[in-house]
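Beneath this line is the structure, given in structure tokens, with notes to follow.
The values are calculated or read from the model by the stated rules, or taken from the named source; none is laboratory data. Small disclaimer: the values here were computed from a predicted structure and weren't measured. Cβ sites come from the backbone with ideal geometry, for glycine too, and all protein chains shown count toward neighbours. Accessible surface areas use protein heavy atoms only, side chains included; no ligands, DNA or RNA. Shrake-Rupley method; radii C 1.70, N 1.55, O 1.52, S 1.80 Å.
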Amino acid sequence: MKKTFPQFISVGLGVATGTLLYTRFLGEAHEFDWGRAAFVGIFCATIAFIWPSKKN
């Protein structure tokens, strides 16, 4: 359990940051999409928290 919470935070922040950069520079509107970044970050972090790692 100790390793899952830092993984939850790092995955969520990493995916949200990547989504922000993608929508800003490669998206059609060329502006930050904060709502999408928050949704994708929370969704992926939740999956990373729920899905157990194969590493022992």
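So for LEU20, LEU26, what's the accessible-area order with a 1.4 Å probe, most first?
Details: LEU20 30, LEU26 125 Å².
Sorted by accessible area, descending: LEU26, LEU20.
Spin-label model, PHE43 to PHE5: label points 7 Å out along the Cα-to-beta-carbon direction sit 2.7 nm apart. Relative to the longest principal axis of the Cα atoms of the chain, the long axis of helix 4-25 lies at roughly 10 degrees. Note on the chain: with charges restricted to the Cβ of Lys and Arg (+1) and Asp and Glu (-1), its dipole about the Cα centre is near 480 debye.
Here the convex hull built on the C-alpha positions of the chain has a volume of 73 cubic angstrom per residue. Against the chain, whose longest principal axis is taken from its Cα atoms, helix 34-50 shows a tilt of about 20°.
Only protein heavy atoms count here; on that basis, with a 1.4 Å probe, PHE32 has an accessible area of about 90 Å².
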